[in-house]
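The values are calculated or read from the model by the stated rules, or taken from the named source; none is laboratory data. Just so you know, these numbers come straight off a predicted model, no measurement behind them. Cβ atoms come from the backbone with ideal geometry, glycine included; neighbour counts cover every protein chain shown. Just the protein is used for accessible areas: all its heavy atoms, side chains included, with ligands, DNA and RNA removed. Shrake-Rupley method; radii C 1.70, N 1.55, O 1.52, S 1.80 Å.
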Amino acid sequence: MANERPIYLGPRLRRLRREQGLTQADMARDLDISASYVALLERNQRPVTADMLLRIARTYRLDMADLGGDGGAEDGARLAATLKDPIFADIDLPALEVADLATNYPGMSEALIRLYTAYREEQLALATFRSGGPPNGVGAQVGGAALIDPVGESRRFLAARRNSFPALDDLAELLASRISEAGGMDAYCKARHKLTVRRIPADVMMGAMRRLDRHRGQILLDETLDAASEAFQLALQLAYMEMAPQIRTELEGGTFATEEGRELTRRALASYGAAAILMPYTAFAKAVEAKAYDMEALARQFRASFEQVAHRLTTLQKPGEERVPFFFIRIDPAGNVSKRLDGAGFPFASHGGACPLWSVHRVFKTPREIVTQWIELPDGQRFFSIARTVTAGGG
């Protein structure tokens, strides 16, 4: 009918493309249209015709209902989350206006979100500088020249995004569904990638937990790995193979002064994807509320380790589907930090020693016992910490 409203599905189409791990050129070939037309559809500069809707549904085997609804909901949630920052507190930002901006001007919304993320990265670098540490990931001065700290670069990239990557979560949910349909990861690797999974002795692996042997069509795993570690290593291999395009897209949104910083971040995003495959966002977000954040109960439900669950809890900040924000820190008895992630805005020390009053330093005296503690900082911020010793790998 002449008076029917045109259908705009830009954000939803972009999300579908990311879930499939496709570029705009890939989708254009699939749909037999030009890449520039895909770009126009994603920016809501062209409506989706009935013929195009059917073509998308047939090509990607989707129910028509999956393409319906509010196509700007996801971008609207991301934009709303960004605008919650105190820097915007004195501006009247009605929810309806935010939703209209996300739906009708997705390009402008994306630009604003990217600018805010870049601002957050610079704020984190400035905070490090003000606390007496080196700015912009600079680790030290040697002979008058600045050395860049790749670990600092990677940490700042993750913290600026609150360790939340919704596009990876969406793709991981799709992969988890396919793995379940195939009958598990071993069967999926065989059917999808023609790779057989083999468990071999640790001395043959020479210290590696996982190795990909493309020549023989095998994924080799250390046979001493426990079930949770084995599942994670397989999921990690799948993340490297199937999520690479989306990981590259995420990396393009960051600024790295060193190739090492970029590589560390690539590995962190692959680990994120692996955890998301094992603990899909929607199912995990429902489970944390049903289990009242009982981490050991969650580990049993998802057949994961305590540390894997702790890691995953830091990622539950998907716009519009946020849960309780967590931070994560892994240390050894000497106080050396080997990993830290932040989805809660925790002010980690940039350098120097940690507070000796924090219970995290005492849990080594009571192995596997969960120790909780309220933490109040000088500025009045309060956090609740959950600490426990963990072992990695297996026997």
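Residue check, residue 367 against (1) loosely packed, with under 13 Cβ neighbours inside 10 Å; (2) under 20 Å from residue 151 (Cβ atoms), all met but one. Which one?
(2)
Pick from 274, 231, 310, 285: which is out of contact with any Phe, Trp or Tyr (no Cβ under 9 Å at 6 or more places or on another chain) and closer than 30 Å to residue 120 by Cβ? Don't jump to the end; show me each part of the working.
Details: 274 fails: out of contact with any Phe, Trp or Tyr (no Cβ under 9 Å at 6 or more places or on another chain); 231 fails: closer than 30 Å to residue 120 by Cβ; 310 fails: out of contact with any Phe, Trp or Tyr (no Cβ under 9 Å at 6 or more places or on another chain).
After ruling out the rest, the residue left standing is 285.
Residues that are open to solvent by less than 20 Å² (accessible area, probe 1.4 Å), among the β-branched types (Val, Ile, Thr) and outside any helix (DSSP H, G or I): does the range 311-324 have at least one?
yes
For the range 185-197, how many residues are in contact (Cβ under 8 Å) with a residue 12 or more places away in the chain and either exposed (fewer than 14 other Cβ atoms within 10 Å of the Cβ) or hydroxyl-bearing (Ser, Thr, Tyr) (or both)? Don't jump to the end; show me each part of the working.
Looking only at the range 185-197, we keep the residues that are in contact (Cβ under 8 Å) with a residue 12 or more places away in the chain, and these are 185-186, 188-189, 192-197.
Checking which are either exposed (fewer than 14 other Cβ atoms within 10 Å of the Cβ) or hydroxyl-bearing (Ser, Thr, Tyr) (or both) leaves us with 188, 194, 196.
Here the count works out to 3.
One residue is enough: does the range 241-248 have a residue meeting the conditions farther than 26 Å from residue 227 by Cβ, surrounded by 14 or more Cβ atoms within 10 Å (Cβ to Cβ) and among the charged types (D, E, K, R)?
Within the range 241-248 (the criterion being farther than 26 Å from residue 227 by Cβ, surrounded by 14 or more Cβ atoms within 10 Å (Cβ to Cβ) and among the charged types (D, E, K, R)), the answer is no, since none of the residues qualifies.
Mind listing whichever residues of the range 14-48 are open to solvent by 70 Å² or more (accessible area, probe 1.4 Å), on the phi < 0 side of the Ramachandran plot and not in a helix (DSSP H, G or I)?
43, 45, 46
Can you work out which of the residues in the range 151-197 that are touching a strand residue (DSSP E or B) at 6+ places or on another chain (Cβ under 8 Å) and in a loop (DSSP other than H, G, I, E, B) is modelled with the lowest pLDDT?
Of everything passing the filter in the range 151-197, 162 is modelled with the lowest pLDDT.
Quick one: which residue in 370, 386 is touching a residue at least 60 places away in the same chain (Cβ under 8 Å) and within 30 Å of residue 223 (Cα to Cα)?
370
Note down all Cβ pairs under 8 Å where the first residue falls in the range 294-308 and is of a type in the set (Phe, Trp, Tyr), the second is open to solvent by less than 70 Å² (accessible area, probe 1.4 Å) and not in a helix (DSSP H, G or I), and they're at least six residues apart or on different chains.
That search, which allows pairs on different chains as well, returns 302/279; 306/388; 306/390.
Yes/no per residue for (1) farther than 22 Å from residue 123 by Cα; (2) open to solvent by 40 Å² or more (accessible area, probe 1.4 Å):
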{"position": "341", "(1), (2)": "no, no"}
{"position": "357", "(1), (2)": "yes, yes"}
{"position": "360", "(1), (2)": "yes, no"}
{"position": "385", "(1), (2)": "yes, no"}
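Does residue 349 satisfy being in a loop (DSSP other than H, G, I, E, B) and either touching a Ser or Thr at 6+ places or on another chain (Cβ under 9 Å) or closer than 27 Å to residue 75 by Cα (or both)?
yes
In the list 40, 9, which residue meets the criterion of being closer than 13 Å to residue 106 by Cα and touching a Lys or Arg at 6+ places or on another chain (Cβ under 8 Å)?
The match here is 40.
Cβ contacts < 6 Å: first residue closer than 18 Å to residue 322 by Cα and of a type outside the set (A, V, I, L, M), restricted to the range 79-91; second residue open to solvent by less than 80 Å² (accessible area, probe 1.4 Å) and in a helix (DSSP H, G or I), any location; separation 6+ or different chain. Result?
Close Cβ pairs (under 6 Å, with a partner that is open to solvent by less than 80 Å² (accessible area, probe 1.4 Å) and in a helix (DSSP H, G or I)) amount to 82/113; 82/116.
So residue 277 clears everything in (1) modelled with pLDDT under 95; (2) within 12 Å of residue 172 (Cβ to Cβ); (3) of a type in the set (Val, Ile, Thr) except one condition, right? Which one?
(1)
Would you check which residues across the range 271-294 are crowded, with 20+ Cβ neighbours inside 10 Å and assigned to a helix (DSSP H, G or I) and list them?
Once the filter is applied, which keeps residues that are crowded, with 20+ Cβ neighbours inside 10 Å and assigned to a helix (DSSP H, G or I), the range 271-294 yields 272, 273, 274, 275, 276, 277, 278, 281, 284, 288.
Across the range 212-228, what is the number of residues that are part of a loop (DSSP other than H, G, I, E, B) and open to solvent by 80 Å² or more (accessible area, probe 1.4 Å)?
Residues of the range 212-228 part of a loop (DSSP other than H, G, I, E, B): 214-217, 223-224, 226.
Now restrict to residues that are open to solvent by 80 Å² or more (accessible area, probe 1.4 Å): 214-216, 223.
Residues meeting the conditions: 4.
Within the range 96-106, how many residues turn out to be open to solvent by 40 Å² or more (accessible area, probe 1.4 Å) and either among the polar types (S, T, N, Q) or part of a helix (DSSP H, G or I) (or both)?
7
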